[in-house]
């Protein structure tokens, strides 16, 4: 019990790092993903090919390898990153591949007929995008983006491997002095669970509150 | 470029040895995970209150926590209560339990997407509930689940790399081993990435081939 | 001057010729119904008139202005409304916003004016009471009436109807046809593709029979439906005799 109390505050502090890692990676991922998705949907043939190769390749390589390439590999080319920065780059770029897939799917999910109807009213292509395609694509993206958020959150634990003091590494430090791995790792698991479960619940409540008939939440898939 | 090829060829025997472990881990885990997933999905759809409660808790807890933490609990924490596993066995157990929860969700989703009328029709013919599940619902559901299954397998191949962190000599670990000897981190890791890429492209292609072969019009 | 003149219109997709040279004219306030077997280019023709599909040849003149060569396609489309078989309502917008978005964003009316226009037109189709509903909450017939109101709100010179009742359950067809009848009586210029023969007889000033990318014959409903000159027209109509 004593150990539980003394550990919880330390673990919660490093949870801050975990959340920072997550938010920074998702943000980087979103910025890159917007360009990739727009390139895939509206770009010319070459842009489409480059964007697609980037997306497929990034999705096919384990996050641990991406992290190691950035953290251990780049220094041999003279570029050195802090562990935290390397983790954000790795998680963010990997997430951009998944997010671009989400955005592309959402853009294409807006029916062709509605786009024709918007044109028939005399809208320009830009008006069609901002008044019809984009507002709907955003809504289609919410559920899969929430899912992506929890995936990145869980994968921040892999930053443990390059020495970022996030939740799991902090837990390991405590284990190495207390020899209570079962308790400490279970506490870590519980903290992750509360955040992912809480995020999912929060979003689905928010979604219900602001829902539009015809945009019900879809099943959540693993990336 | 020549330099990379040289390093890559030198590392290749080690990497291929590691790849064997990687594929072994992924194969065993997806198959055991499938068994767990089937069982859990059926409990969640047709089970009683208790079965539903347990299976739901299992799925939610696994999906709500990182795979690496699950692996650490099984490999580092269970010895505390007298349960010891080798790195390889601990990894297989973690990955199977993890994959089982996700596969349960895919199978459940697919079962529920088979229309209710099918169950009614089967029972009206005199089939038992179990016969209906086995002969009518599952053959349709499993076809629908195949694309998710491809994803799941690809996911497992990638995430078996975490077994490196508990000391399984799989592909990632072999890469790290070679790189820390010759200090060619970038080239070796690029080589490792390339192997993962080839393997995953092959799997994706193979599954889409199977998918086409067993497709039934309208299902 | 005629409101709409179509001269030798042609459209092909690769080798496949869909429209092989169509010419006809429309007066202001006229209602023309286009009939003919499926897949003979009727919908493609409407799509070309609104430049949603670019024709390969021929001219389309609206009040003497060439639609195909117009500098701003958007400007021309504002004057030509379109009602779709599949409704194509904007799913993320309420009924009111569906109808208001054209006047507001395309014609740049003030919000107050756009709302007024939208509500007036919703009243015309009898749906002003559902203005806060979303498309997913409406029946097919109601959706199509919103589709008509959306087109009307742009105050177009001409409305194209692409099989407006084909996607509807039989019991919902009547309410949509009723709205269209009222529009025709009110003097709206309408070019309608439909398979509803008795409706065509009622509403049309002129009927065009199209087959295989050509106009086979055209004339008053009486002439086309009761005394067609061409054998092909007779054959086509005989399929409807038993039913209606």
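Values in this text are rule-based calculations from the coordinates and carry no lab data. Small disclaimer: the values here were computed from a predicted structure and weren't measured. Note: ideal-geometry Cβ built from the backbone for every residue, glycine included; neighbour counts use all protein chains shown.
Structure above, values below:
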{"item": "Label-point separation, residue B:115 to residue C:116 (7 Å along Cα→Cβ), nm", "result": "5.1 nm"}
{"item": "From the C-alpha gyration tensor of the stretch B:133-191, square roots of 5λ in Å", "result": "39, 12, 6"}
{"item": "Acute angle (nearest 10 degrees) that the helix A:2-42 long axis makes with the longest principal axis of chain A, alpha-carbon atoms", "result": "20 degrees"}
{"item": "At R0 = 51 Å, FRET efficiency that the Cβ-Cβ distance of residue A:45 and residue C:8 yields, to 0.05", "result": "0.90"}
{"item": "Peptide A:52-64, shielding by other chains (average Cβ, 10 Å cutoff)", "result": "5"}
{"item": "Averaged over C:78-90, number of beta-carbon atoms from partner chains that fall within 10 Å", "result": "4"}
{"item": "C-alpha long axis of helix C:140-152 to longest principal axis of chain C, angle in °", "result": "90 degrees"}
{"item": "Virtual paramagnetic centre 7 Å along Cα→Cβ of residue A:34, amide N under 13 Å, in the stretch A:114-153", "result": "A:138"}
{"item": "Pair-distance profile P(r), taking every C-alpha pair of the protein assembly as shown, with 20 angstrom steps and integer %", "result": "15, 38, 29, 16, 2, 0"}
{"item": "Highest to lowest packing among C:177-185, B:14-22, B:88-96, scored as the average C-beta count within 10 Å", "result": "B:88-96, B:14-22, C:177-185"}
{"item": "Computed E for residue C:169/residue C:226 - FRET, C-beta separation, R0 30 angstrom, nearest 0.05", "result": "0.50"}
{"item": "Theoretical FRET efficiency, 1/(1+(r/R0)^6), r = Cβ-Cβ of residue A:20 and residue C:107, R0 56 Å, to 0.05", "result": "0.70"}
{"item": "Simple spin-label estimate for residue B:135 and residue A:53 in nanometres, 7 Å along Cα-Cβ", "result": "5.4 nm"}
{"item": "Contact order relative to length of chain C, as percent, for alpha carbon pairs under 8 angstrom and 6 or more apart", "result": "25 percent"}
{"item": "Rg(Cα) / (2.2 N^0.38 Å) computed for chain B, rounded to two decimals", "result": "1.22"}
{"item": "Relative contact order %, chain B, counting alpha carbon pairs below 8 Å whose residues are six or more apart", "result": "31 percent"}
{"item": "Residue mean of other protein chain beta carbons inside 10 Å, B:54-67", "result": "5"}
{"item": "Rounded tilt (10° steps) of C:170-185 against the dominant C-alpha axis of chain C", "result": "90 degrees"}
{"item": "Inter-probe distance in nm under a simple model that places probes 7 Å from Cα toward Cβ, at residue B:16 and residue C:205", "result": "8.2 nm"}
